[in-house]
Amino acid sequence: MISFDEIFKDAENSVTGIAAAPGIVIGKAYKYIKEELEISEQKITNIKLALSDLEEAIARSKKELTKILNLARNIIGEKRAIIFEAQMMILDDPILLGTIKRRIEYEKMIPEFIVNDEITQYQKLMLKAHESYMSERAHDIEDIKNRIIRNLQNKRLKSKIPEDVIIVSETLSPSDTILFSKNKTIGFVTDHGGLTSHAAIISRSLNIPAVVGTHNSTLNINEGDELIIDGFHGCILVNPTKKQINFFSKKIVHLHELQNSLKELKNKKAETTDGKSIELLANVDVTGELDIAKASGAQGIGLYRSEQIIAELGDIATEEEQNTIYNKLSSSMYPQYVTIRALDIGGDKFNFSEISEANPFLGLRGIRLLLKNEGLFKSQIRSVLRASKNKNVKFMLPMVSSLSEVRKSKNLIEECKNELKTNKEKFDNNLKIGIMVEVPSTALMTKEFADEVDFLSIGTNDLIQYLVAVDRGNDFVSDLYREFHPAVIRTLKLIIDGAKISGKELSLCGEMAAETLAIPLLIGLGLESLSLSPSTIPYAKRIIRFVSYEKAKSLAEECLTYRSTKEIINRIEKFFEDNSIKRTRNLI
Ligand code: PEP
Ligand code: MG
């Protein structure tokens, strides 16, 4: 059988990047480019033709918007879809349209120039109001303005994304990823972004193969090109040859067989060969993933990223909206635990604050932002408490870097409990409060933090970025983002020992747990609980069932003495070889 290397060796049609989400897919490329529209100051000679062009562009825009509105109602709900209704109203506004037509007749300029000028004036007036509501509306108007202009210039509309395509884009925001996935997107390719960028995490959770950080795929791939994405190796083949298609078609069949055999593991224990049980929990970003989590055999939710509700709704959810979602999580997982993490806004995730930060990852993010916005934080705390009636909910604080943040948060939780008591609302008075250990200061003081909380969870995605000073989403330095860096391994040991002394529950919910190579090391270091993307749970379980705990402990002890990432990786690879354990990518 031909090997992967042979297929890729000398392949002139290959593009490589970071393997961000496993899976292999063959499909057509759809380029998602937020293009700049150029508008020239051209005069017209045929007014009648210009007016009919305008009418036609408005009619086409309405047709497109109607489709988007219907889609939006399904995806983000009636309430959030209202912004598209507002856009529809603009297209029907007789005063605006009358003014545009009169100006075309009078000034004899091309319609796109007048449309741009007239609507921009409206926007400026709105922005002058200095109210956030008005400036948001000004953005809505930008969207409709661009839509009319694009239609006047007969340009392709990028909001019309066909189904079953592979999105090729410079970057993807978390909300782009969610919206595209709802559109039956089958794969993602981006120029920028690293393994732990949120777009990568979401594609992993939703089981959509992705290759990120390719630098130049938007240059090398044309719209409609046939692509093969190999999300295991981080490779893309553009307009593949027959030989390449045959090779990967066989791989896809093999992959399905493997996935079916992994399904059989669902009801088997995650236990080492010498009987050590490891708890496997799921990281959930959107409620749609709950079914995948249950099907994967997860023993609970170790991380629910509540900020993703914003991506789904397009706005901060109200207390009631949050409560509905948290109730759903709690009841559908009962009696298993659901760990809801407080909104981790800021950094690269949903920058809602009006301030602009030079270093958002070191700025107002997670617990810092929540403590500065008590109203927002308390409404989330109340909605979590109200969903805790079944006593299977835990609440976790992100980006904690000092004990005072924990104490202040606990005081607010007490305040919320008292408010609910006054209103005679039911909740779990012993709701477990935990923290993410993802900032080096917290890692160094794990024991002291553990004394003040009920549980801890290691967030390796951020911990690594802060420990080795490498932006987790920046592919220019992604080679320096090393989960097997000796300092990372030693810090993990420090955290695990700190938590053990205080006897508090400890899990690890960073993406490191989804790296099969890391599993024996993490177990050997003493972790007894891991939380990972639901689709990767069976792969982790498969490895655990091949590993001896005693041997994993010796492996970890040895790795703690090494001075370079390379030595550690070589040693772990040797461990896999010696114990005849195959990694996922070797299995396919
Ligand atoms: C982490 O930092 O490891 C983590 C799990 O949280 P997030 O990826 O949401 O920042
Ligand atoms: Mg984090």
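Just so you know, all these numbers are worked out from the coordinates, no wet-lab data involved. In this text the structure is predicted, and so the values were computed from the model without any measurement. Cβ atoms come from the backbone with ideal geometry, glycine included; neighbour counts cover every protein chain shown.
Details
- Amide hydrogen proximity for T273: with H placed 1.01 Å from N in the peptide plane, the residues at 5 or more positions away or on another chain lying under 5 Å are V547, S548, Y549.
- From most to least packed by mean Cβ count within 10 Å, the peptides 45-55, 431-441 give 431-441, 45-55.
- With a Förster radius of 25 Å applied to the C-beta separation of A469 and R583, the computed FRET efficiency comes to 0.30.
- Members of K128/K182; K410/K447; K294/K410; K268/K391; K504/K541; K9/K551 lying beyond 29 Å, as alpha-carbon distances in this model show: K128/K182; K294/K410; K9/K551
- Neighbour counting of Cβ atoms within 10 Å sorts the residues M396, M126, M89, fewest neighbours leading, into M89, M126, M396.
- Hits among aspartates and glutamates - C-alpha to C-alpha of K421 under 15 Å, sequence gap 8 or more where chains match: none
- Peptides 315-324, 220-229, 277-286 ordered by packing proxy, namely the average of other Cβ atoms within 10 Å per residue, highest first: 277-286, 220-229, 315-324.
- Among beta bridges that DSSP assigns inside the chain, antiparallel share in %, nearest 5: 30 percent
- Taking D344, D10, D471 and counting other C-beta atoms within 10 Å, the order from fewest to most: D10, D471, D344
- Alpha-carbon centroid distance for the pair segment 469-539 / segment 281-313, whole angstrom: 19 Å
- Annotation: the antiparallel percentage among DSSP beta bridges lying fully within segment 271-587 is about 5.
- Members of K28/K63; K242/K269; K432/K493; K184/K378; K432/K582; K251/K328 lying beyond 31 Å, as alpha-carbon distances in this model show: K242/K269; K184/K378; K432/K582; K251/K328
- Helix content alone sets the calculated 222 nm mean residue ellipticity of the chain: runs of n ≥ 4 DSSP H residues at -39500 (n - 2.57) each, divided across all residues, give -15500 deg cm²/dmol.
- Sequence of K182, K394 once ranked by neighbouring C-beta atoms within 10 Å, starting from the fewest: K182, K394
- Whether segment 200-315 is rounded, prolate or oblate, judged on the alpha carbon gyration tensor where a/c under 1.5 counts as rounded: oblate
- Shape call, the chain: gyration tensor on alpha carbons, a/c limit 1.5: oblate
- Relative packing of peptides 552-561, 265-274 - highest average C-beta neighbours within 10 Å first: 552-561, 265-274
- Note: relative contact order over the chain, using C-alpha pairs below 8 Å and six or more positions apart, is 15 percent.
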